[in-house]
Amino acid sequence: MKKKRSAWVRHLALTLFCLGPIALSPVASAQTMTTGDVTGLVTDATGAGVPSAVVTIKNVDTNEARTANSDGTGRYRFSLLKPG
């Protein structure tokens, strides 16, 4: 019984050793991405959130512009923006 258990443990350890780098590779590549997010809140003069506001962000180097609508509380988010 002891030999069967130790063989199983060795097999599991070898499997984890071989598959570990494959499982962790997306994490490592995500750390090298060069993108960012911008989040914000659109408010009116009283400080209340403005739902469905149209928000535009523009890269002044490339003139690329993206548009988003604020949610029901006035929050917006731009994801995967290139630096610049």
Inter-residue pairs, beta-carbon under 6 Å, first under 15 Å from D44 (Cβ atoms) and in the stretch 62-78, second open to solvent by 80 Å² or more (accessible area, probe 1.4 Å), 6+ apart: G74/L41; R75/L41
Counting only residues that are in a strand (DSSP E or B) and either among the acidic types (D, E) or surrounded by 11 or more Cβ atoms within 10 Å (Cβ to Cβ) (or both), the stretch 55-84 contains a total of 13
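The values are calculated or read from the model by the stated rules, or taken from the named source; none is laboratory data. From a predicted model like this one, the values you see are computed outputs, not experimental measurements. Cβ atoms come from the backbone with ideal geometry, glycine included; neighbour counts cover every protein chain shown. Remember, those area values only see protein heavy atoms, side chains included, never the ligands or the DNA or RNA. Shrake-Rupley method; radii C 1.70, N 1.55, O 1.52, S 1.80 Å.
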